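Data block below; observations after.
The values are calculated or read from the model by the stated rules, or taken from the named source; none is laboratory data. Keep in mind the model is a prediction, meaning the values are calculated, not measured. Don't worry about glycine lacking a Cβ; one is built from the backbone with ideal geometry, like all the others, and counts go over all protein chains shown. Quick note on the areas: whole protein, heavy atoms, side chains included, nothing else; ligands and nucleic acids left out. Shrake-Rupley method; radii C 1.70, N 1.55, O 1.52, S 1.80 Å.
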Amino acid sequence: MNVAPGPKGVTPMTFDEGWAAIEKNGIRRLHRIVEKGLKVSYGSKEFMRLYSVVYTMCTQKAPQNWSGKLYFAHRKSLEQYLSDTVKPAVMKHQGDLAMFLRELHERWENHKVILKWMVKIFAYVDRFYVPRLAIDDLHTVGMKAFQKMVFEDTKEQAARAMVAMVARDRNNASSNVADQRLMRNVAEMFMVMG
């Protein structure tokens, strides 16, 4: 008699087993690539392997259906990276407003890349679990995480840095294109974060 959920002869994937594969081959790899400033690229086989793990974990019969646990693990993973890596990297430049703003901008851009790929990896959760429970989609969860873990603690200093850069540009009567682009991108972050 087949008492295990799923097809006969197929052992269900445990949460720890699946999450370890996702974390090692997806999330940590993604963080390493972004931290080095490289372009993120997954081969089709690599990506399908990650997607398949998520799919398998979400389509197993209860009690081995890990959709909800994956949803919250996704959020926790983002929040941990933001608090352990991103926020300290930004805050170490508090004394230099220009460097602070550059680091904040770089980390914002990196966050958007990481979030884009994590949403792709966890697409099955987003497509089926999220609508069924009428909860925030994974992209929104990631944006809220950045807002809570980084933006709320840096927005006042970022605003002061932008005002100082505008004043400096006006006083010098010369326009630095890189600084203008930086300010435009940080202003976009303010608009997205609210």
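Structure data summary
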{"quantity": "Total residues in the stretch 20-66, condition assigned to a helix (DSSP H, G or I) and under 30 Å from GLU103 (Cα atoms)", "calculated": "15"}
{"quantity": "Where a residue in the stretch 130-147 is over 16 Å from TRP108 (Cβ atoms) and its partner, wherever it lies, is open to solvent by less than 10 Å² (accessible area, probe 1.4 Å) and among the aromatic types (Phe, Trp, Tyr), with Cβ under 7 Å and at least six apart", "calculated": "LEU138/PHE122"}
{"quantity": "Number of positions in the stretch 55-103 that are polar (S, T, N, Q) and either loosely packed, with under 14 Cβ neighbours inside 10 Å or under 27 Å from GLY37 (Cβ atoms) (or both)", "calculated": "5"}
{"quantity": "Subset of the stretch 1-24 [open to solvent by 60 Å² or more (accessible area, probe 1.4 Å) and at pLDDT 95 or above]", "calculated": "THR14, ASP16, GLU17, LYS24"}
{"quantity": "Positions within the stretch 138-187 being open to solvent by 60 Å² or more (accessible area, probe 1.4 Å) and within 30 Å of TYR71 (Cα to Cα), in sequence order", "calculated": "HIS139, LYS144, LYS148, GLU152, ASP153, LYS155"}
{"quantity": "Candidates VAL166, VAL141, VAL130, VAL186 - the one that is part of a helix (DSSP H, G or I) and under 15 Å from the mean Cα position of the chain (by Cα)", "calculated": "VAL141"}
{"quantity": "Output for the stretch 17-41, where each listed residue is within 12 Å of MET118 (Cβ to Cβ) and in contact (Cβ under 8 Å) with a residue 24 or more places away in the chain", "calculated": "ILE22, GLU23, GLY26, ILE27, LEU30, HIS31, VAL34, VAL40"}
